[in-house]
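Undergrad: Take a look at the following structure, please.
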Amino acid sequence: MNKSELIEHIAKQADISKAAATRALEALIGGVKVTLKKSGSVSIVGFGTFTVSKRAARSGRNPRTGAAIKIKAAKVPKFRPGKALKDALN
């Protein structure tokens with residue numbers, strides 16, 4: 001499912017227009033981004049938790065040349081599914 005299919009699904013399930021569903025989805029994504037940027041976490045009960053994790057600097061290899069390169073430390077988003085989501089899949 002891509003973004004436009006998700007918007008159609010939201011519009012149909014919530015009985016709202018596609019424009020309203022688009023605004024709602026954009027607001028959700030924006031809220032998650034802003035919170036994660038502040039190093040917070042977003043928990044949606046029954047779905048899961050979005051958090052920020054720090055990845056340490058490390059050395060790697062350029063696959064084309066084989067030369068050693070340094071990879072900078074970075075913050076990466078993580079998602080931990082909730083129990084209800086796991087149960088729905090199994």
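The values are calculated or read from the model by the stated rules, or taken from the named source; none is laboratory data. Since this is a predicted model, take the numbers as computed values, not measurements. All Cβ positions, glycine included, derive from the backbone under ideal geometry; neighbour counts span all protein chains shown. The accessibility values were calculated without ligands, DNA or RNA, using every heavy atom of the protein model including side chains. Shrake-Rupley method; radii C 1.70, N 1.55, O 1.52, S 1.80 Å.
Undergrad: Give me the dipole magnitude in Debye, nearest 20, for the chain about the Cα centre, with unit charges on the beta carbon: positive for Lys and Arg, negative for Asp and Glu.
TA: Approximately 860 debye in magnitude.
Undergrad: Please list, or write none, the lysines whose alpha carbon is within less than 29 Å of the alpha carbon of K3, excluding same-chain residues fewer than 8 places away.
TA: Result set, ordered by chain and number: K12, K18, K33, K37, K38, K54, K75, K78, K83, K86.
Undergrad: Here's another thing I want to ask about it. Do me a favour and compute the ellipsoid semi-axes for the range 7-90 from its Cα gyration tensor, root of five times each eigenvalue, largest one first, whole Å.
TA: 35, 17, 15
Undergrad: Could you provide, to the nearest whole Å², the per residue accessible area of the chain with probe 1.4 Å?
TA: Result: 81 Å² per residue.
Undergrad: Quick one: angle between helix 18-37 and the longest Cα principal axis of the chain, in degrees between 0 and 90, rounded to 10, please.
TA: So the inclination is approximately 40 degrees.
Undergrad: Right, something else. In the chain, what percent of the accessible surface is made up of carbon and sulfur (1.4 Å probe, ligands and nucleic acids excluded)?
TA: Answer for the chain: carbon and sulfur cover 57 percent of the accessible area.
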